[in-house]
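The values are calculated or read from the model by the stated rules, or taken from the named source; none is laboratory data. Computed from a predicted model, the values in this text were never measured in an experiment. When we count neighbours, we look across all protein chains shown, and the Cβ atoms used for this are built from the backbone with ideal geometry, even at glycine. Surface accessibility is based on the protein's heavy atoms, side chains included, excluding ligands, DNA and RNA. Shrake-Rupley method; radii C 1.70, N 1.55, O 1.52, S 1.80 Å.
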Amino acid sequence: MFTGIIEELGTVVAIDPLGDSARLAIRGATVTSDAAHGDSIAVNGVCLTVVDNADGVFTADVMGETLVRSTLGALTPGSAVNLERAATVATRLGGHIVQGHVDGVGTILAREAGDQWETVTFALPEGLGRYVVEKGSITVDGISLTVVSVTDDTFSVGLIPTTLKLTTLGAKGVGGRVNLEVDIMAKYVEKLLGKAAR
């Protein structure tokens, strides 16, 4: 489990194709400081398992399903990535409950600069709109964000200077693709209510 509060911007060092999967090597001094084999680290919102960790670089295997359903398949050496270690029992839950299980890939439709912050609008993949509500939580590239407004196929968020400076969203332009994870609570509510929720 994660909180969606990014700990650092990491860098992809290498990508080793392994048939229908790949092994990523990612540099991140903070997240590797106490990482051990088997630990979980979210990379742009995707929960990955540490295979090796040495000299500030960890490796993780990414299966084909994840490469297809997320933006990880488009990474190249030198790409910046948002990194967060898994939460512990003592972690402050500054964001919301994030699983690191990507529900779909969205696209940046517009960016509108304000005095100190920026409003960013994203396209929602088909079928995810029903889980997104105004003032609710959504995870974008691993970042816990509050929804400002929502339509059937778009949503907007407000980005504060800290988010613009310390995450990949500060540099992604219109047309950029992002990993999206909707609030797990909404999916459970729908499941419990069954067809009545649709």
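Data overview
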{"quantity": "Elements of type strands (runs of 3 or more DSSP E) contained in segment 1-101, each with 3 or more residues being more than 28 Å from residue 186 (Cβ to Cβ) and touching a residue at least 60 places away in the same chain (Cβ under 8 Å)", "calculated": "8-18"}
{"quantity": "Residue count for segment 48-82, restricted to those that are aliphatic (A, V, I, L, M), farther than 21 Å from residue 102 by Cα and touching a Phe, Trp or Tyr at 6+ places or on another chain (Cβ under 8 Å)", "calculated": "0"}
{"quantity": "Of residues in segment 102-125 being in a loop (DSSP other than H, G, I, E, B) and open to solvent by less than 60 Å² (accessible area, probe 1.4 Å), the one nearest to residue 179 (Cα to Cα)", "calculated": "102"}
{"quantity": "Where a residue in segment 121-146 is under 26 Å from residue 194 (Cβ atoms) and modelled with pLDDT under 95 and its partner, wherever it lies, is surrounded by 18 or more Cβ atoms within 10 Å (Cβ to Cβ) and polar (S, T, N, Q), with Cβ under 7 Å and at least six apart", "calculated": "137/144"}
{"quantity": "Residues that are open to solvent by 70 Å² or more (accessible area, probe 1.4 Å) and under 19 Å from residue 93 (Cα atoms), drawn from segment 126-167", "calculated": "135, 146, 160, 162, 166"}
{"quantity": "The lone exception for residue 114 - which of (1) modelled with pLDDT under 95; (2) under 19 Å from residue 2 (Cβ atoms) it fails", "calculated": "(2)"}
{"quantity": "Failed item, numbered, when residue 194 is tested on (1) open to solvent by less than 80 Å² (accessible area, probe 1.4 Å); (2) within 15 Å of residue 120 (Cβ to Cβ); (3) of a type outside the set (D, E, K, R)", "calculated": "(2)"}
{"quantity": "Which numbered condition residue 45 fails, given (1) touching a Ser or Thr at 6+ places or on another chain (Cβ under 8 Å); (2) at negative phi", "calculated": "(2)"}
{"quantity": "Matching residues in segment 79-99 - criterion: being under 22 Å from residue 150 (Cα atoms) and crowded, with 18+ Cβ neighbours inside 10 Å", "calculated": "95, 96, 98"}
{"quantity": "Flag if residue 57 is surrounded by 14 or more Cβ atoms within 10 Å (Cβ to Cβ), over 20 Å from residue 180 (Cβ atoms) and in contact with a Gly (Cβ under 9 Å, 6 or more places away or on another chain)", "calculated": "yes"}
{"quantity": "Residue tally, condition within 21 Å of residue 99 (Cα to Cα), more than 19 Å from the chain's Cα centre (by Cα) and among the charged types (D, E, K, R), over segment 1-47", "calculated": "1"}
